[in-house]
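Here the structure is laid out as C-alpha cells; the discussion comes afterwards.
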Amino acid sequence: MEEVLPHRVAQLLRDARRVVIFTGAGISAESGVPTFRDDLTGLWARFDAQQLATAEAFHADPDLVWGWYEWRRARVRRAEPNSGHLAITTIESRIPDSTVITQNVDDLHERAGTPATIHLHGSLFAPRCMAAAAHPATFPDQPDGEAAEPHEGRRISPPRCASCRELVRPGVVWFGEALPEAALTAAAEAATACDVLLTVGTSGVVYPAAEIPRIAASSGATVIQVNPQPTPLDRIAAINLRGSAAQVLPTLVA
Ligand code: BJW
C-alpha cells in the first residue's frame, strides 16, 4: 500500500458530508469469523452452499442446516470486534451523516458501537418462524441451551415456534430469497446520496447487495475499497487500498 493513499483517504473522509461504509465478511475475518470465498479459509471452500444456505436445503434437512448455523452462531459469540469495526465507529462519530451497511450476519458492528447498522442479509441472532417471513419466532425454551458450543457438522433439531408450532429457521437471507425490503431501500437511498462510499472486505459478487457501491459510483460518489485482494469493485473504486481491514481502517482515522 502506498503511504500517500491513507492520507488522501483520511482527507477525503474529513471533507465528506455523507459517508456510507459498506462491509462484507472480510471486516470480521480478523475477529476469527470466516469469510465465504477466501481460497482456503472461506466457508464455501469447506461447505456446500446449496446444501446449507438455501430454503430447499432447510426443507430437505433442517437438522443439518440448523446445526451448521448454531455452530456459526457460537463462533460469532466468541469473537470480538476488531480495530476495523472500531475505526468505523470513529468515522461515524466525526461524520454525523454516515451509514453503515453490512452483508454480514454477525453482530460485531453493533458490539463495536454501531447500533443502527443496516443488515442486508439478516442476522444469525434473529431466527424466525418458517410459517411467514414477518412472523417473529417465539421459542418454547431457550434455543441455545445445549447448542451453546456445538461442534462443526453436528446436527441439531431446530426449535418449533411457540405460537404456531412451525419450524424456526435462521433469520438470514439465503440464495434465491429476497433481501429485507426496508434495509435494501435504505441502503440504496444512502448510496445514492453519499459523497464517499468506503467498501470493506467484500468480494462484491453477490447481488443485489453488490449494487450498493455501484449505485454510489454512478451517483457521483468517490468509492474507496479496502481489501487485500482484487475484486470486481476495483473498476469502480477511485482508490484501492490493498490491505486488511484491521490494519488499514485505523490508519484512515489516525
Ligand atoms: C478481507 C480480509 C480482511 C479477507 N480485511 N478484507 C445477478 C447475477 C448472478 C446471480 C444473481 C444475480 N442477482 C441475483 C443473483 C443470485 C444470487 C447471487 O448473487 N449469486 C451470485 C453469488 C452469483 N443472489 C441471491 O440469491 C440473492 N437473492 C436474490 O437475488 O433474490 C431475488 C428475489 C427477488 C424477489 C423475490 C425472491 C427472490 C440473495 C443473496 C443472499 C446471500 N446470502 C449469503 C449467505 C447469508 C447467510 C449466511 O451467512 O449463511 O450472504 S451468501 C454470502 O455471500 C453471504 C455474504 O453476505 C455474501 C457476500 O459475501 P462477502 O461478504 O462479500 O464475503 P466473501 O467471502 O465473498 O468475500 C470476502 C472478501 O473479504 C474477499 O474479497 C477477501 O479478499 C476479503 N478479505 N480477509 C479485509 N482481513
Given the condition assigned by TED's automatic domain parsing to the domain that holds Arg160, surrounded by 14 or more Cβ atoms within 10 Å (Cβ to Cβ) and either of a type in the set (Gly, Ala, Ser) or closer than 19 Å to Thr99 by Cα (or both), answer yes or no: does some residue in region 58-78 qualify?
yes
Yes or no: region 166-175 includes at least one residue that is of a type in the set (Gly, Ala, Ser), assigned to a loop (DSSP other than H, G, I, E, B) and within 16 Å of the ligand (Cβ to nearest atom).
yes
Do any helices (runs of 4 or more DSSP H) lying entirely in region 1-110 carry at least 1 residues that are under 20 Å from the mean Cα position of the chain (by Cα), and which ones are they?
26-29, 43-46, 49-52, 55-60, 62-78, 83-94
With the structure loaded, tell me whether Thr185 is outside any strand (DSSP E or B), hydroxyl-bearing (Ser, Thr, Tyr) and under 24 Å from Asp15 (Cβ atoms) or whether it fails that test.
no
Quick test for you: out of Arg155, Arg235, Arg242, pick the one residue that is surrounded by fewer than 15 Cβ atoms within 10 Å (Cβ to Cβ), more than 30 Å from His59 (Cα to Cα) and among the basic types (Lys, Arg).
Arg235
May I ask you to list the residues in region 1-46 that are surrounded by 17 or more Cβ atoms within 10 Å (Cβ to Cβ), farther than 18 Å from Pro230 by Cβ and in contact with a Phe, Trp or Tyr (Cβ under 7 Å, 6 or more places away or on another chain)?
Leu43
Return the residues of region 205-221 that are under 13 Å from Phe22 (Cα atoms) and of a type in the set (Ser, Thr, Tyr); say none if nothing qualifies.
none
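The values are calculated or read from the model by the stated rules, or taken from the named source; none is laboratory data. Please read all numbers here as calculations on a predicted model, not as lab measurements. Neighbour counts are summed over all protein chains in view; Cβ atoms, including those assigned to glycine, are modelled from backbone coordinates with ideal geometry.
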